[in-house]
Amino acid sequence: MKVLVQPRDQGGECLWQVRLDQHCVSFRSEEEARQFAARLEARLRAPHKLPDWPVQRQAG
């Protein structure tokens, strides 16, 4: 997943957007946007354990 932080001008107001592929989240300041992006990237890089699915019996 690609995470981008970009300024956006909306009606004369400068907002900051964090883009997550096709999804955007807007923030009032660059600092808030960068903190969110950093937290998101850390969570994406964190190890994830998949659940142990029961082993299916093979048809005999």
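Structure notes:
- Counted residues, segment 11-38 - those being surrounded by fewer than 12 Cβ atoms within 10 Å (Cβ to Cβ), in contact (Cβ under 8 Å) with a residue 12 or more places away in the chain and on the phi < 0 side of the Ramachandran plot: 2
- Restricting attention to segment 20-36, the residues that are charged (D, E, K, R) and under 12 Å from the mean Cα position of the chain (by Cα) add up to 2.
Here, each number is a calculation from the coordinates, and none is a lab measurement. The structure presented is a predicted model; accordingly, all values stated were derived computationally and were not measured. FYI the Cβ positions are ideal-geometry reconstructions off the backbone, even for glycines, and counts take in every protein chain you see.
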